[in-house]
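Accompanying notes for the structure given below.
The values are calculated or read from the model by the stated rules, or taken from the named source; none is laboratory data. Computed from a prediction, not measured in an experiment: that's the story for all the values here. Here the Cβ is made from the backbone with ideal geometry for all residues, glycine too, and neighbour counts use every protein chain on show. Surface areas here come from the heavy atoms of the whole protein model, side chains and all, with no ligands, DNA or RNA. Shrake-Rupley method; radii C 1.70, N 1.55, O 1.52, S 1.80 Å.
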Number of protein chains: 2
Amino acid sequence: LCFEVRYTDLAARIGILETPHGNIETPSFIPVVHPVKQSVSTQFLKSLGFKAVITNAYIALQYLGNKAKTKGIHDVIDYDGVIMTDSGGYQVLEYGSIEVEPREIAQFEIDIGSDICVPLDKPTGFGLSYAKSEDFVNRTLENAKATLEIVAENKKARNIGTNKNKENCVGGAIWAGPIQGSEHFDLLEHSVQTLDKMGFELMAIGSPVELMESYNFSLLCQMIAKVKRLIPAKPIHLFGAGHPLTIPLAVALGCDTFDSASYMLYARDNRYMYGTGTARLEDLSYFSCPCPICSIYTVKELLDMDQNKRTIEIAKHNLYVLKAEVLAVKQAIKDGRLWEYVMLKARAHPKLMEAVELFSGFEFLEKSTPIFKDKAIFLYSPIDQFRPEVKRFRKIISSFRSKKKILLLHPDTGLHPFYSTKEFTNIVKKFNNAQICAYNPFLGVIPAEVSDIYPAAHNLIAQSSNIFFGHQAKDYPSFIESLNGFIAKNNFEEIIVLANNFMRDVFAFDPVLNKMINIKILDHESDISFRLRT
Amino acid sequence: LCFEVRYTDLAARIGILETPHGNIETPSFIPVVHPVKQSVSTQFLKSLGFKAVITNAYIALQYLGNKAKTKGIHDVIDYDGVIMTDSGGYQVLEYGSIEVEPREIAQFEIDIGSDICVPLDKPTGFGLSYAKSEDFVNRTLENAKATLEIVAENKKARNIGTNKNKENCVGGAIWAGPIQGSEHFDLLEHSVQTLDKMGFELMAIGSPVELMESYNFSLLCQMIAKVKRLIPAKPIHLFGAGHPLTIPLAVALGCDTFDSASYMLYARDNRYMYGTGTARLEDLSYFSCPCPICSIYTVKELLDMDQNKRTIEIAKHNLYVLKAEVLAVKQAIKDGRLWEYVMLKARAHPKLMEAVELFSGFEFLEKSTPIFKDKAIFLYSPIDQFRPEVKRFRKIISSFRSKKKILLLHPDTGLHPFYSTKEFTNIVKKFNNAQICAYNPFLGVIPAEVSDIYPAAHNLIAQSSNIFFGHQAKDYPSFIESLNGFIAKNNFEEIIVLANNFMRDVFAFDPVLNKMINIKILDHESDISFRLRT
């Protein structure tokens, strides 16, 4: 499989995925298209820049049978871009059992010329018993195995190489390994590892629709994180993610492509998408969207319209919103601001806020976050102490060793780097023997000599004018750890702290720091007297 | 003056302002139009739904002189909507002194048929000495007085009634009282009060451009709040506010109209607006905006374009963004979600976050926030305990009196109202003599009998699964006040607390609660044993 990663931030990546019908730049939203009853034309989707669509092989088989094989799926849906086909497994979840065998649907997907194919899976959905989920996972794995056999037979018959080479990329379809298991994490793990070993080159996380419909974003995050940790390199597809709130979350955690019919399903229900949610058309007074649809209609005009026409117009608007959302996420990846983007969005819904808090414990986000970024990072609230760049900085400092006998701690300055400030110059004159460090609640201790490394000199912190909203020791365990570690790992005989409110709170709060004896705590705010005194 | 307020939220309002050339629905962004060198046509502005524009009378006078009087300003700029004219005072700030007298420019504004006129002011800008500011304020007030004399003379000559009646509204222009004083708040107050007494029916806050350019949003907030408290009813215009980050802030604090040339100035500088900031075109890889401009060009195409054409296209895009921003704010007012909207935006920049924290102390926001809203409010973090609906609820409860001898406190339930829950039913069986109350960190104590009043039964709180991010006593002084007040003002002989983590922290943290003797604190998490025990 040819998947070239170009930019990363958190676990997100901008990449190029090669398929028989051209390349897709990921992250990419793949709209669901009905193989025979599609009301928003594939040409419209193409004009919006959607370079891939997904359609349902099972439905195509039911409606068209052999005709689909003769015409090919690209002709059937009138679309010359990348076509992904789902197998019908999801239909089981929605409508009960379906009458098709895994080998049959796999052969059909091959015959109609699909670019990205999914074996017949048995989605576990959400809330299924462990035993039932286990059964579904195993049946999905059996189907996957049977499917790969069909694929191998076809490759052999068509004389296409089965090894991973360029031709494979161009000539054959990409098969997606259908991950099931949902909230049963050991089943999820088993599912991922088995599919990975089978050789699926793209992996697809199934069954999250119910989670998203119930706004259980936390569990969704944990599921994606679980999968991503197991397969950090392979491209990951997420089924059924077509909401402006789930897209940034899914991408940040490592999903590369995702599909949904939401634009149409929501539209049928008069549901209008916007950046931070959805609303019923009848509840809107204004279109706060600048898309071409919203630019020509008023809410009333759309409400007065014939229902079919209205549905199509809302669906088009929804597609504009989804397109914009993906592009905003991509721009945030390139800007190295995806963390900020996700945290801002989190205030759109309490359940989303709960979910993003989990990012604080997702160590895997650090690996793919660039070491250096062009832009300063913005730091607002306790969650930001767990931003990968900030964690990484504290880690670097934890191995910093000083030979000095005196440690002098000074509040971080507004100007950066610290060593180039007037404050530093003043201190160094008085304490030329001291290890001088700046400190702030997020980065912890910042030795002056390395105060220019990223992001020590590249951050902007929201400072509160209100004591109540100021940074409090209790909220910054990482700071206390950083400070204690720095003191413990060096051999200072004396510590002088120019303390601001935050630092005074730290010393009052932490029992270890509280009991240290060789510490002199001075008021930073009255440091004129400090200068006189020393 | 006819200004009809239809909806309010925080200090924001949706209103209808009547002018000689039709009504404007406020809040309304009024784009700056150059009287002779306008490159984005007024017809385009009109097509976007901008029902008012502002142009510069001083520049019109310089370029066109008497010709402008003969043609009328509507013909000059080819716009049949509402035209506001600035007087040239701002040009002094930008280019030094100008050669025009207040009476002359006032007469000119009348003669050209402006709908909303501004007397010649002397902007104090930002950072001016007190003495100089005082001088500028006084000279502006003198000019304002001279202007009103001219207006009166004209009305008399034209036989238009000078009393506030319907005809006045239709027949004559609206004159805006030019508020100066900036960061010198007593001067600002003097300015507002004098203009108010002079009879200006619309008030215009001058000089914030430098504040906004330096992202000093906190001072901007304080300035607007100062003015709004003094004149809560009159419509308020804010000069120079044309940034997606300042618009929600200004509207939330009570500004009804605001003008800016930013769409064009930014465009000349290749600066592209988006919902949470601006970016240089050359720094963008994607257009994450669905507007008609961004829908037809790629970034590269726009960069390769002839500069003049590019400037116009970016300006148009910027106008789409500003239009969308205002509409989003209006929709948030109607939805009663302006607080949420402002707080979400605040994460776009640390300086904005610092500014919105001031909202916690702005008592005047409560008066115009509806008593009841259709939608549940979302509560995320400590700032939200100061949300007007939440403050108001705690105020109501502070006068609640119980005759019961036992107080039982139970964590608030996910389902609402509390009295309809299984938890409540269980408790009431065991404690039919107790005053049963729910509690949560935001609303404080919620007596079961009133647990259906807004927003006790209409809120969704972000719950943390992570102990570290959970609500902490220290962050909720209003909760401690509510609980202490409730206990102090009633005569309970025994208090039983089913404590969750937050409540345990509250009792450990607050010295008063800590020392109470007639309190029994039980674990809520193990309340099965509680049921057995009691």
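Listed here are the helices (runs of 4 or more DSSP H) enclosed by the stretch B:332-404 that have at least 2 residues being open to solvent by 20 Å² or more (accessible area, probe 1.4 Å) and within 10 Å of chain A (Cβ to nearest Cβ): B:338-345, B:350-356.
What are the pairs with Cβ atoms under 6 angstrom where one residue, in the stretch A:316-337, is more than 17 Å from A:Ser262 (Cβ to Cβ) and the other, located anywhere, is of a type in the set (Phe, Trp, Tyr) and open to solvent by 20 Å² or more (accessible area, probe 1.4 Å)? Sequence gap at least six, or different chains. What qualifies is A:Leu327/B:Tyr286; A:Lys330/B:Tyr286; A:Gln331/B:Tyr286; A:Ala332/A:Tyr341; A:Ile333/A:Tyr7; A:Lys334/A:Tyr7.
Report whether or not B:Arg268 is in contact (Cβ under 8 Å) with a residue 40 or more places away in the chain, open to solvent by 40 Å² or more (accessible area, probe 1.4 Å), more than 14 Å from chain A (Cβ to nearest Cβ) and in contact with a helix residue (DSSP H, G or I) (Cβ under 6 Å, 6 or more places away or on another chain). So B:Arg268 fits the description; yes.
Report yes if B:Leu483 is open to solvent by less than 20 Å² (accessible area, probe 1.4 Å) and in contact with a strand residue (DSSP E or B) (Cβ under 9 Å, 6 or more places away or on another chain), otherwise no. Yes; evaluated as a whole, the condition is true for this residue. Only helices (runs of 4 or more DSSP H) whose full extent lies in the stretch A:1-80 are considered here, and none of them has at least 2 residues that are closer than 30 Å to A:Arg387 by Cβ. Of all residues in the stretch A:89-102, those that are modelled with pLDDT of 70 or more have Cβ atoms under 6 Å from Cβ atoms of residues that are among the polar types (S, T, N, Q) and part of a helix (DSSP H, G or I), 6 or more apart or on another chain, in A:Pro102/A:Asn143; A:Pro102/A:Thr147. With respect to being of a type in the set (Asp, Glu), open to solvent by 20 Å² or more (accessible area, probe 1.4 Å) and either within 24 Å of A:Gly199 (Cβ to Cβ) or under 28 Å from the mean Cα position of the chain (by Cα) (or both), A:Asp111 fits the description.
Annotation note: Cβ proximity below 6 Å between a residue of the stretch B:423-449 that is closer than 15 Å to B:Ser402 by Cβ and a residue that is open to solvent by 40 Å² or more (accessible area, probe 1.4 Å) and assigned to a helix (DSSP H, G or I) (sequence gap 6+ or interchain) occurs for B:Ala448/B:Tyr419. What are the residues in the stretch A:462-491 that are more than 14 Å from chain B (Cβ to nearest Cβ) and out of contact with any Phe, Trp or Tyr (no Cβ under 9 Å at 6 or more places or on another chain), if any? Selection gives A:Asn484, A:Gly485, A:Ile487, A:Ala488, A:Asn491. Test B:Gly470 against the stated conditions and say whether it is small (Gly, Ala, Ser), surrounded by fewer than 20 Cβ atoms within 10 Å (Cβ to Cβ) and modelled with pLDDT under 95. Yes: the conditions hold for B:Gly470. Within the stretch B:313-325, the set of residues being in contact with a strand residue (DSSP E or B) (Cβ under 6 Å, 6 or more places away or on another chain) and within 8 Å of chain A (Cβ to nearest Cβ) comprises just one member, B:Val321. Taken over the stretch B:418-427, the residue count meeting the criterion of being open to solvent by 10 Å² or more (accessible area, probe 1.4 Å) and in contact with a helix residue (DSSP H, G or I) (Cβ under 8 Å, 6 or more places away or on another chain) is 3.
Whether any residue in the stretch A:221-232 is in a loop (DSSP other than H, G, I, E, B), more than 30 Å from B:Phe44 (Cβ to Cβ) and either more than 14 Å from chain B (Cβ to nearest Cβ) or open to solvent by less than 30 Å² (accessible area, probe 1.4 Å) (or both) is what I want to check. Checked the stretch A:221-232: at least one residue is in a loop (DSSP other than H, G, I, E, B), more than 30 Å from B:Phe44 (Cβ to Cβ) and either more than 14 Å from chain B (Cβ to nearest Cβ) or open to solvent by less than 30 Å² (accessible area, probe 1.4 Å) (or both). All of A:Gly72, A:Gly22, A:Gly15 fail the test of being in contact (Cβ under 8 Å) with a residue 12 or more places away in the chain and closer than 25 Å to A:Thr246 by Cα, apart from A:Gly15. Can you spot a residue in the stretch B:237-246 that is surrounded by fewer than 19 Cβ atoms within 10 Å (Cβ to Cβ) and of a type outside the set (Val, Ile, Thr)? No, the stretch B:237-246 contains no residue that is surrounded by fewer than 19 Cβ atoms within 10 Å (Cβ to Cβ) and of a type outside the set (Val, Ile, Thr).
Checking the stated criteria, B:Tyr439 turns out not to satisfy the condition of being under 26 Å from B:Asp374 (Cα atoms) and open to solvent by 70 Å² or more (accessible area, probe 1.4 Å).
Matching residues to (1) open to solvent by less than 20 Å² (accessible area, probe 1.4 Å); (2) in contact with a helix residue (DSSP H, G or I) (Cβ under 7 Å, 6 or more places away or on another chain); (3) within 13 Å of chain A (Cβ to nearest Cβ); (4) part of a helix (DSSP H, G or I):
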position: B:Tyr272; (1), (2), (3), (4): yes, yes, yes, no
position: B:Ala279; (1), (2), (3), (4): yes, no, yes, no
position: B:Glu282; (1), (2), (3), (4): no, yes, yes, yes
position: B:Ser285; (1), (2), (3), (4): no, yes, yes, no
position: B:Lys300; (1), (2), (3), (4): no, no, no, yes
position: B:Leu303; (1), (2), (3), (4): no, yes, no, yes
position: B:Lys309; (1), (2), (3), (4): no, no, no, yes
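Each residue in the stretch B:36-50 was checked for being touching a residue at least 12 places away in the same chain (Cβ under 8 Å) and either open to solvent by less than 40 Å² (accessible area, probe 1.4 Å) or within 28 Å of the chain's Cα centre (by Cα) (or both), and 8 of them qualify.
None of B:Val53, B:Val33 is free of Cβ contacts under 8 Å to residues at least 40 places away in the same chain and open to solvent by less than 10 Å² (accessible area, probe 1.4 Å) except B:Val53.
B:Asp259 meets all of the listed conditions (1) in a strand (DSSP E or B); (2) within 11 Å of another protein chain (Cβ to nearest Cβ) but one, namely (2).
Exactly one residue out of B:Tyr419, B:Tyr439 is away from every other protein chain (no Cβ under 14 Å), touching a strand residue (DSSP E or B) at 6+ places or on another chain (Cβ under 7 Å) and hydroxyl-bearing (Ser, Thr, Tyr), and it is B:Tyr439. Just the residues that are farther than 12 Å from B:Leu195 by Cα and not acidic (Asp, Glu), please, taken from the stretch B:132-145. Once the filter is applied, which keeps residues that are farther than 12 Å from B:Leu195 by Cα and not acidic (Asp, Glu), the stretch B:132-145 yields B:Lys132, B:Ser133, B:Phe136, B:Arg139. Annotation: of all residues in the stretch A:68-89 being within 25 Å of A:Glu101 (Cβ to Cβ) and of a type in the set (Ser, Thr, Tyr), the one that is most open to solvent (accessible area, probe 1.4 Å) is A:Thr70. Among the residues making up the stretch B:187-220, those that are in contact with a helix residue (DSSP H, G or I) (Cβ under 8 Å, 6 or more places away or on another chain), outside any helix (DSSP H, G or I) and not hydroxyl-bearing (Ser, Thr, Tyr) are B:Gly199, B:Phe200, B:Met203, B:Ile205, B:Gly206, B:Pro208, B:Asn216.
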